[in-house]
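Input: a single structure, listed below in structure tokens.
The values are calculated or read from the model by the stated rules, or taken from the named source; none is laboratory data. Note that the structure is a prediction, hence the values are computed from the model and not measured. Glycine also receives a Cβ, built like all others from the backbone with ideal geometry; neighbour counts cover every protein chain displayed. For accessibility, only protein heavy atoms count, side chains too; no ligands or nucleic acids. Shrake-Rupley method; radii C 1.70, N 1.55, O 1.52, S 1.80 Å.
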Amino acid sequence: MMRIVLPEGDDPRIREAAEFLRVQGLADPILLTGVDDLREACQIVRDHEADAVIAGIDLPTRDIVQVVHDTIGAKDQVYSSCFLLERDGRDGRPERLILADAGVNKNPTADELYHILEQTYITAETLLNQQPRVALLSYSTHGSGFDNEAPDADILKLREVLERSRREHPLWIIDGELQLDAAISDEISFKKAPRSTLAGNANVFIVPNLAAGNVLFMALKHFAGFRAYGPLLQGFNAPCSDLSRGATTADIIGTAVCITKLFNK
């Protein structure tokens, strides 16, 4: 059974989640309390006395990422995060989406964004239970908002990522630049992007910068009724997750379940 270290063990949400995970046999939780509990948690994982760490109830994302990086270490030159967003679908089956990066990289370069896309695609293969269909999101759809006299750097960045992704991974379903409505609505996609390979059926969203990612994440969570798990950290030497400081017990449990799936893939 996967051993997950949960610092911030003084928080009742953490304790409740840990008890649920233990009773249901979903994970073997290790609770920590006290000063520098995050660093101790990461050291336990580094020393292979546990498999993963989940923290963030009381700390900002940048602090989590820094300690994880300094203690557990990164396996990739670029590291990132993604959210799994889930709600009950109309047919009774869960509707799941992946969003990246909404937690770590403020304004990634084209090269960094390409690696974020690769990491997120691999995560999506495990968590979505279906083929990832990736949309590179923008305020423009296939050039509709592009000004040749004053070209937008974010659109150029997305186009570079798209070209490289199609060259390196020709079997992946990916398109951009796309507005959100063209990425998720077949009717709107037919009008705005009739040649899109996604046909309005994207389930993975890659944003050009942290501002766009954070706003979209908050909107999906608070206005569209999605439950959010993560951010799940990508590119590190062990499974790790940050937590929103407003996370509920259910959010923590859901994040732990995601971590176990990624660990066992």
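Just a few scattered comments:
- Candidates LEU198, LEU220, LEU232, filtered to the one that is in contact (Cβ under 8 Å) with a residue 60 or more places away in the chain, farther than 21 Å from GLY89 by Cβ and hydrophobic (A, V, I, L, M, F, W, C): LEU232
- Residue in the stretch 50-62 that is among the charged types (D, E, K, R), within 21 Å of CYS258 (Cβ to Cβ) and within 18 Å of the chain's Cα centre (by Cα) present: no
Here's the yes/no breakdown for (1) of a type in the set (Ser, Thr, Tyr); (2) over 20 Å from LEU97 (Cα atoms); (3) assigned to a loop (DSSP other than H, G, I, E, B); (4) at pLDDT 95 or above:
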{"site": "GLY143", "(1), (2), (3), (4)": "no, yes, yes, no"}
{"site": "PRO194", "(1), (2), (3), (4)": "no, yes, yes, no"}
{"site": "ALA199", "(1), (2), (3), (4)": "no, no, yes, no"}
{"site": "ALA212", "(1), (2), (3), (4)": "no, no, no, yes"}
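- Within the stretch 126-141, the residues that satisfy the criterion of being assigned to a loop (DSSP other than H, G, I, E, B) and closer than 13 Å to PRO208 by Cα are SER138, TYR139, SER140.
- Every test in (1) of a type in the set (Asp, Glu); (2) more than 30 Å from ALA41 (Cα to Cα); (3) surrounded by 14 or more Cβ atoms within 10 Å (Cβ to Cβ) is passed by ASP242 save one, and that test is (2).
- Subset of the stretch 1-46 (residues that are within 16 Å of SER241 (Cβ to Cβ) and among the β-branched types (Val, Ile, Thr)): ILE4, VAL5, ILE14, ILE30, ILE44, VAL45
- Of residues in the stretch 29-54 being assigned to a loop (DSSP other than H, G, I, E, B) and touching a strand residue (DSSP E or B) at 6+ places or on another chain (Cβ under 6 Å), the one least open to solvent (accessible area, probe 1.4 Å): ALA50
Rundown of residues vs (1) within 23 Å of GLN234 (Cα to Cα); (2) among the aromatic types (Phe, Trp, Tyr); (3) open to solvent by less than 60 Å² (accessible area, probe 1.4 Å), yes/no style:
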residue	(1), (2), (3)
CYS82	yes, no, yes
LEU85	yes, no, yes
ASP91	no, no, no
PRO108	yes, no, yes
TYR114	yes, yes, yes
LEU128	yes, no, yes
THR141	no, no, yes
ILE155	no, no, yes
ILE174	yes, no, yes
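- Filtered residue count, the stretch 66-79, keeping only those that are under 19 Å from HIS48 (Cα atoms) and either crowded, with 16+ Cβ neighbours inside 10 Å or touching a strand residue (DSSP E or B) at 6+ places or on another chain (Cβ under 6 Å) (or both): 6
- Look at (1) modelled with pLDDT under 95; (2) within 27 Å of LYS75 (Cβ to Cβ); (3) among the aliphatic types (A, V, I, L, M) and you find that VAL134 fails only one, number (1).
- Counting only residues that are out of contact with any Pro (no Cβ under 9 Å at 6 or more places or on another chain) and touching a residue at least 24 places away in the same chain (Cβ under 8 Å), the stretch 170-183 holds 7 of them.
- Some residue of the stretch 12-28 being in contact (Cβ under 8 Å) with a residue 24 or more places away in the chain, in a strand (DSSP E or B) and either farther than 19 Å from LYS261 by Cα or open to solvent by 40 Å² or more (accessible area, probe 1.4 Å) (or both): yes
- Among the residues of the stretch 179-225, the ones that are surrounded by 21 or more Cβ atoms within 10 Å (Cβ to Cβ) and among the aromatic types (Phe, Trp, Tyr) come to 2 in all.
- The stretch 93-106 - residue that is assigned to a strand (DSSP E or B) and under 10 Å from the mean Cα position of the chain (by Cα) and, of those, surrounded by the most Cβ atoms within 10 Å (Cβ to Cβ): ALA100
- Filtered residues of the stretch 162-184 (kept if at pLDDT 95 or above and not in a helix (DSSP H, G or I)): HIS169, PRO170, LEU171, TRP172, ILE173, ILE174, ASP175, LEU178, GLN179
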